[in-house]
């Protein structure tokens with residue numbers, strides 16, 4: 001059974017962007033998450049990233065260019081394993097776009 005955000009290990013305060021995008025179910029595969037980051041279609045706190053190894057921290061704001069939409073998301077937490085949709089939604093908060 002996957003751990004929830006509340007059950008995450010004490011030292012889990014950061015995570016690679018590719019793992020987090022996959023765990024948060026923004027993409028279907030981890031390789032798709034890595035490709036999204038490496039092609040520059042992800043911004044963290046307003047700065048474009050090009051490395052799938054970029055480290056996220058709680059509170060970071062992620063901007064994703066997905067297909068025909070742009071999502072603005074605040075990182076709320078991290079997990080060790082990919083869970084269901086409900087546990088994935090606990091990892092982030094959608095922010096309104098202005």
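The values are calculated or read from the model by the stated rules, or taken from the named source; none is laboratory data. What you see is a predicted model, and the numbers here were worked out from it, not measured in a lab. For neighbour counting, all protein chains shown are included, and Cβ atoms are generated from backbone atoms with ideal geometry for every residue, glycine included.
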Which of the residues spanning region 61-70 are closer than 17 Å to residue 18 by Cβ and either over 13 Å from the mean Cα position of the chain (by Cα) or modelled with pLDDT under 95 (or both)? 65, 66
Kindly indicate whether residue 58 is surrounded by 14 or more Cβ atoms within 10 Å (Cβ to Cβ), touching a strand residue (DSSP E or B) at 6+ places or on another chain (Cβ under 6 Å) and closer than 13 Å to residue 16 by Cα. yes
Here are 74, 80, 7, 13: which of them is in contact with a strand residue (DSSP E or B) (Cβ under 7 Å, 6 or more places away or on another chain) and at pLDDT below 95? 13
Hey, any hits in region 25-32 for a residue that's surrounded by 12 or more Cβ atoms within 10 Å (Cβ to Cβ), free of Cβ contacts under 8 Å to residues at least 40 places away in the same chain and either closer than 14 Å to residue 94 by Cβ or touching a strand residue (DSSP E or B) at 6+ places or on another chain (Cβ under 9 Å) (or both)? yes
Of all residues in region 71-98 being loosely packed, with under 12 Cβ neighbours inside 10 Å and either free of Cβ contacts under 8 Å to residues at least 60 places away in the same chain or under 10 Å from the mean Cα position of the chain (by Cα) (or both), the one that is farthest from residue 17 (Cα to Cα): 98
